[in-house]
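The values are calculated or read from the model by the stated rules, or taken from the named source; none is laboratory data. Since the structure is predicted, the reported quantities are computational estimates derived from the model, not experimental observations. Don't worry about glycine lacking a Cβ; one is built from the backbone with ideal geometry, like all the others, and counts go over all protein chains shown.
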(Lines give C-alpha, C1' and ligand atoms only; values in the text may rest on other atoms or scores of the structure.)
Protein backbone atom coordinates (compact mmCIF):
# COMPACT_ATOMS: atom_id res chain seq x y z
CA UNK A 1 0.00 0.00 0.00
CA UNK A 2 1.38 3.48 0.57
CA UNK A 3 5.08 2.68 0.84
CA UNK A 4 7.54 0.88 3.01
CA UNK A 5 8.35 3.51 5.62
CA UNK A 6 6.18 1.83 8.28
CA UNK A 7 7.24 -0.87 10.67
CA UNK A 8 5.89 -4.40 10.29
CA UNK A 9 3.18 -3.83 12.90
CA UNK A 10 1.75 -0.76 11.17
CA UNK A 11 -0.18 -0.19 7.96
CA UNK A 12 0.25 3.02 5.96
CA UNK A 13 -2.14 4.39 3.36
CA UNK A 14 -2.43 7.95 2.03
CA UNK A 15 -0.30 9.38 4.84
CA UNK A 16 -2.40 7.63 7.52
CA UNK A 17 -0.73 5.13 9.83
CA UNK A 18 -2.65 2.40 11.66
CA UNK A 19 -1.34 0.19 14.44
CA UNK A 20 -4.61 -0.98 16.04
CA UNK A 21 -6.67 -3.75 14.39
CA UNK A 22 -9.80 -1.63 13.91
CA UNK A 23 -7.85 1.20 12.27
CA UNK A 24 -5.94 -1.30 10.10
CA UNK A 25 -9.26 -2.72 8.92
CA UNK A 26 -10.50 0.78 8.14
CA UNK A 27 -7.39 1.60 6.08
CA UNK A 28 -7.58 -1.71 4.21
CA UNK A 29 -11.23 -0.98 3.42
CA UNK A 30 -10.31 2.48 2.12
CA UNK A 31 -7.55 1.00 -0.01
CA UNK A 32 -9.67 -1.72 -1.61
CA UNK A 33 -12.56 0.69 -2.16
CA UNK A 34 -10.21 3.07 -3.92
CA UNK A 35 -8.91 0.27 -6.14
CA UNK A 36 -12.23 -1.25 -7.11
CA UNK A 37 -14.55 1.77 -7.25
CA UNK A 38 -14.59 4.49 -9.85
CA UNK A 39 -13.06 7.78 -8.76
CA UNK A 40 -16.04 9.65 -10.15
CA UNK A 41 -19.46 8.16 -9.46
CA UNK A 42 -21.97 7.90 -12.30
CA UNK A 43 -24.37 10.75 -11.51
CA UNK A 44 -26.86 9.49 -14.09
CA UNK A 45 -27.84 6.42 -12.07
CA UNK A 46 -31.35 6.55 -10.62
CA UNK A 47 -31.01 5.36 -6.98
CA UNK A 48 -34.71 4.41 -6.87
CA UNK A 49 -34.26 1.94 -9.74
CA UNK A 50 -31.97 -0.59 -8.12
CA UNK A 51 -31.49 -3.40 -10.62
CA UNK A 52 -29.19 -5.41 -8.37
CA UNK A 53 -30.66 -8.73 -7.33
CA UNK A 54 -31.28 -8.93 -3.62
CA UNK A 55 -33.28 -12.16 -3.54
CA UNK A 56 -30.27 -14.46 -3.77
CA UNK A 57 -28.75 -15.72 -0.57
CA UNK A 58 -25.69 -17.80 0.16
CA UNK A 59 -26.98 -20.13 2.80
CA UNK A 60 -23.91 -22.19 3.48
CA UNK A 61 -20.26 -22.11 2.51
CA UNK A 62 -17.95 -24.97 3.33
CA UNK A 63 -14.22 -24.55 2.95
CA UNK A 64 -11.68 -27.08 4.12
CA UNK A 65 -8.21 -26.36 5.43
CA UNK A 66 -6.83 -28.28 2.45
CA UNK A 67 -8.74 -26.02 0.02
CA UNK A 68 -7.34 -22.89 1.65
CA UNK A 69 -3.83 -24.33 1.78
CA UNK A 70 -3.98 -25.30 -1.90
CA UNK A 71 -5.04 -21.80 -2.95
CA UNK A 72 -2.58 -20.01 -0.68
CA UNK A 73 0.38 -22.08 -1.88
CA UNK A 74 -0.65 -21.32 -5.46
CA UNK A 75 -0.33 -17.55 -4.96
CA UNK A 76 2.49 -15.75 -6.73
CA UNK A 77 4.24 -14.01 -3.82
CA UNK A 78 6.44 -12.03 -6.21
CA UNK A 79 3.38 -9.87 -6.91
CA UNK A 80 3.12 -8.78 -3.26
CA UNK A 81 5.19 -5.63 -3.69
- prompt: Which residue, of 70, 79, is at pLDDT 85 or above and assigned to a helix (DSSP H, G or I)?
  reply: 70
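Residue 30: modelled with pLDDT of 65 or more, surrounded by 10 or more Cβ atoms within 10 Å (Cβ to Cβ) and either in contact with a strand residue (DSSP E or B) (Cβ under 7 Å, 6 or more places away or on another chain) or not in a strand (DSSP E or B) (or both), yes or no?
For residue 30, the condition - modelled with pLDDT of 65 or more, surrounded by 10 or more Cβ atoms within 10 Å (Cβ to Cβ) and either in contact with a strand residue (DSSP E or B) (Cβ under 7 Å, 6 or more places away or on another chain) or not in a strand (DSSP E or B) (or both) - is met.
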- prompt: Mind checking whether some residue in region 7-14 is in a loop (DSSP other than H, G, I, E, B) and modelled with pLDDT under 70?
  reply: yes
